[in-house]
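The values are calculated or read from the model by the stated rules, or taken from the named source; none is laboratory data. Predicted, not measured: the structure shown is a model, and the values here were computed from it. When we count neighbours, we look across all protein chains shown, and the Cβ atoms used for this are built from the backbone with ideal geometry, even at glycine. All accessible areas refer to the heavy atoms of the entire protein, side chains included, with ligands and DNA or RNA removed. Shrake-Rupley method; radii C 1.70, N 1.55, O 1.52, S 1.80 Å.
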Amino acid sequence: MPELPELLHVQSKLRERLVGRHVRAERVAEPVVLRFSVRGNLSLLLGRRVEGVFRKSHFLVFGFEGLDLAVNPMLAGRFRLAEPREMEERSLCFALGIADGNAAEPETDLRYLDDKKMGKAYLIATDDWKAIPGMQTGGVDILSHEFTRERFVSLLKHRRDQIRVFLLDKKALDSLGNAYADEVLFEAGIHPKTWCRSLSHDDGFRLHDAIVKVMTEAVAEVARRDEPIEVKVRDFLKVRRKEVCPRCGGKVRTAGVKGMDAYFCPHCQPETRSGLVDWRRTGK
């Protein structure tokens with residue numbers, strides 16, 4: 001799944017390549033990923049001009065006159081720009097052929113690929129967000145000026161779950177995924193299974209600052225690398241899927257949180273609850 005830094009990079013590159021051009025072809029390989037709140041199918045986009053590419057929550061939205069195509073890549077979805085004659089990927093779900101003006105042949109394929117077929121693409125009337133489940137309940141944008149220390153702490157103090165669960169709640173925060181939730185908690189020195197209610201006011205400020213720092217730096221780094229949009233850039237992360245802590249040299253561990261693996265350093269992020277394994281005492 002493209003997390004926020006990658007999604008912003010994809011948005012920037014697709015906006016640069018597609019806006020002002022027209023859809024000249026469409027093909028669907030996996031209709032299971034498509035949802036329509038308007039009468040018709042993907043062929044409704046034929047001849048329409050791409051007027052904008054923007055992010056709305058965890059969706060990437062392609063704006064056309066009268067229609068929006070909103071794509072949530074979810075676990076494994078990704079976009080790719082290709083030459084139309086390039087061999088199709090086995091993971092192809094649908095593609096749009098994009099060309100300038102009245103060109104007869106598409107010059108660029110915008111392909112949506114998804115090995116798991118879990119992503120969803122909604123074709124809706126422009127700005128008809130109520131047609132997309134969950135779109136109306138998105139949380140505060142963590143890269144916006146509205147994401148202040150006070151706003152974050154006010155959200156945190158009403159939670160009764162584990163801190164990593166809260167960070168991943170897109171109804172509260174827009175938005176963090178698994179990789180960056182681990183990075184934020186590592187930066188803040190907080191164990192992923194810590195109860196939200198046990199965090200102090202100062203802990204909340206520290207966690208807010210960690211979110212801003214980690215995400216701002218990640219957005220800049222992904223943009224600096226400028227990899228093709230289908231490439232997931234994660235090698236600069238400090239703890240996610242790593243074996244050794246870059247701070248203390250200790251072993252990075254994993255903990256199950258709501259069925260998902262959380263990576264953390266038990267020395268830099270000590271446990272705060274009875275019943276949790278204190279890896280510092282095991283000598284392993």
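Some notes on this structure:
- Test: residue in segment 194-215 that is within 30 Å of L110 (Cβ to Cβ) and touching a His at 6+ places or on another chain (Cβ under 8 Å): no
- Which numbered condition K130 misses (of (1) surrounded by fewer than 13 Cβ atoms within 10 Å (Cβ to Cβ); (2) modelled with pLDDT of 95 or more): (2)
- If only residues of segment 38-79 that are surrounded by fewer than 16 Cβ atoms within 10 Å (Cβ to Cβ) and of a type in the set (S, T, N, Q) are counted, the one that is nearest to G177 (Cα to Cα) is N41.
- Filter result for R234 (touching a Phe, Trp or Tyr at 6+ places or on another chain (Cβ under 6 Å) and either on the phi > 0 side of the Ramachandran plot or touching a residue at least 24 places away in the same chain (Cβ under 8 Å) (or both)): no
- The residue of segment 201-225 that is most open to solvent (accessible area, probe 1.4 Å), among those that are charged (D, E, K, R) and touching a residue at least 12 places away in the same chain (Cβ under 8 Å), is R206.
- Given (1) in a strand (DSSP E or B); (2) touching a residue at least 12 places away in the same chain (Cβ under 8 Å); (3) of a type in the set (A, V, I, L, M), index of the condition V61 fails: (2)
- Residues satisfying the stated conditions in segment 185-204, i.e. in a helix (DSSP H, G or I) and within 12 Å of Y263 (Cβ to Cβ): L185, F186
- Within segment 80-119, the set of residues being surrounded by fewer than 20 Cβ atoms within 10 Å (Cβ to Cβ), under 24 Å from the mean Cα position of the chain (by Cα), assigned to a strand (DSSP E or B) and in contact (Cβ under 8 Å) with a residue 60 or more places away in the chain comprises R80, L81, L92.
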